[in-house]
Amino acid sequence: MSGAYVHIVVGDFDILVDARSVLEVSPSGGRSADGGGCRPWRAEALPVVDGRTVLGFPDEAEPGTSVVLGQNDGSRFFLDITAVKGVRRLEDDRFRPLPPLPEGVGRLFDGVLLEENGRFGLRLRGDADFLAGAAAPQ
């Protein structure tokens, strides 16, 4: 079975997000003083998750892009990222199980795509419970 994925970049990571969960792509609203907080979106205040902080990258530069991700339970949040590379259609059997990853990073993904050029793309987990926990304001 194939699916459409939005190819995003967070720091040095290529990440593939199920396109059905991406509601909007826009320039980042900039980093809030506390590194998270909320940002307005269509008359709502949505929680903000800084992808680089979650993945352990230094926060030297401002995030360039934000994506609004929707969850299965109907809730939504901003994910601040480095860039969007485009949309790709991929067969599910191209994804492989993850090798051992550090615990904090490993729980974010459920598969890896090995590219012919030696790079890899991590598939972001899409279950509502995980995303709700990742996006909850502190």
### Message
Please pick out the residue among 122, 131, 108 that is surrounded by 11 or more Cβ atoms within 10 Å (Cβ to Cβ), within 23 Å of residue 4 (Cβ to Cβ) and modelled with pLDDT of 85 or more.
### Response
122
### Task
Looking only at segment 76-92, decide whether some residue is touching a residue at least 40 places away in the same chain (Cβ under 8 Å), of a type in the set (Asp, Glu), loosely packed, with under 14 Cβ neighbours inside 10 Å and more than 15 Å from residue 17 (Cα to Cα).
no
### Message
Among the residues that make up segment 15-27, is at least one of them within 26 Å of residue 114 (Cα to Cα), modelled with pLDDT of 90 or more and basic (Lys, Arg)?
### Response
yes
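The values are calculated or read from the model by the stated rules, or taken from the named source; none is laboratory data. Treat the numbers as computed from the prediction; the structure is a model and nothing was measured. Note that we place each Cβ from the backbone using ideal geometry, even for glycine, and neighbour counts take in every protein chain shown.
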